[in-house]
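Working notes, structure below.
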Amino acid sequence: INQIYKDLKIKNYIFEETSDKYDVYDYPKHYLKEVNYAWGFDRKYYAKLIKNKLDLRIKELFNYKNYRIEHIWLYETPANSANTNSKFHVDNDEPGAKKCIVYLSDVDHESGPFSIYDKETNKKIVITGKKGTTIFFDQNKCLHAGLPTLKKDRIVLSFCLYPTLRQNIVYQTNKPLN
């Protein structure tokens, strides 16, 4: 947890205006002012942590095949944050992708819990939990949203996973935000 608080202070944002190597999109920079969003931390540290703690569960998602962690986000949403992602949406990532959210603080109804919308029952399902609660979902099919933080902060580690045929994954230490 000490490493997380240390990394939340890192704001080493790297932006690419154009690139022939990457798909570059216009990142909503207002988000960086509204949420304590870390960037420039050691991605390899978190990739190793994820592998050590969640490797078997992740492999189950991909029928025991190998995977790669494409994106790693670390952020703290302050209480009464103007920025909420409370509209239900899908992410439209590449096919086969899965997303994981790990609560790094206790999350209840006042600290902006993750929620999904069940189209079959027409109900919103709110997921609260203690620090360490881990949620896997298909962000391309599952309507989801982060509810507003009312009275408490929420700290989350989130990452996007993709199936891969590679046996050895080499992670970049730094990666452009956009």
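The values are calculated or read from the model by the stated rules, or taken from the named source; none is laboratory data. As the structure is a prediction and not an experimental result, all values here were calculated from the model. Glycine also receives a Cβ, built like all others from the backbone with ideal geometry; neighbour counts cover every protein chain displayed. The accessibility values were calculated without ligands, DNA or RNA, using every heavy atom of the protein model including side chains. Shrake-Rupley method; radii C 1.70, N 1.55, O 1.52, S 1.80 Å.
Evaluated against (1) open to solvent by 60 Å² or more (accessible area, probe 1.4 Å); (2) more than 26 Å from P163 (Cβ to Cβ); (3) modelled with pLDDT under 90, Y25 falls short on exactly one condition, (2).
Residue-wise test of (1) exposed (fewer than 15 other Cβ atoms within 10 Å of the Cβ); (2) in contact with a strand residue (DSSP E or B) (Cβ under 9 Å, 6 or more places away or on another chain).
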{"position": "F41", "(1), (2)": "no, yes"}
{"position": "Y45", "(1), (2)": "yes, no"}
{"position": "G96", "(1), (2)": "yes, yes"}
{"position": "D106", "(1), (2)": "no, yes"}
{"position": "D118", "(1), (2)": "yes, yes"}
{"position": "G129", "(1), (2)": "no, yes"}
{"position": "I135", "(1), (2)": "no, yes"}
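Taking the conditions exactly as written (aliphatic (A, V, I, L, M) and modelled with pLDDT under 90), does I72 satisfy them or not? Yes: the conditions hold for I72.
Scanning region 90-111 for residues that are assigned to a loop (DSSP other than H, G, I, E, B), at pLDDT 90 or above, within 15 Å of the chain's Cα centre (by Cα) and within 26 Å of I10 (Cβ to Cβ) yields a total of 3.
In region 51-63, the count of residues that are in contact with a helix residue (DSSP H, G or I) (Cβ under 9 Å, 6 or more places away or on another chain), closer than 27 Å to G96 by Cβ and at pLDDT 90 or above is one or more. Within region 134-160, residues that are at pLDDT 95 or above and polar (S, T, N, Q) sit with their Cβ atoms under 8 Å from residues that are surrounded by 16 or more Cβ atoms within 10 Å (Cβ to Cβ) and assigned to a strand (DSSP E or B), at 6+ positions apart or across chains, in these pairs: T134/C100; T134/I101; T134/V102; T134/Y103. Looking across region 60-89, just one residue is surrounded by 14 or more Cβ atoms within 10 Å (Cβ to Cβ) and part of a helix (DSSP H, G or I), and that is L61.
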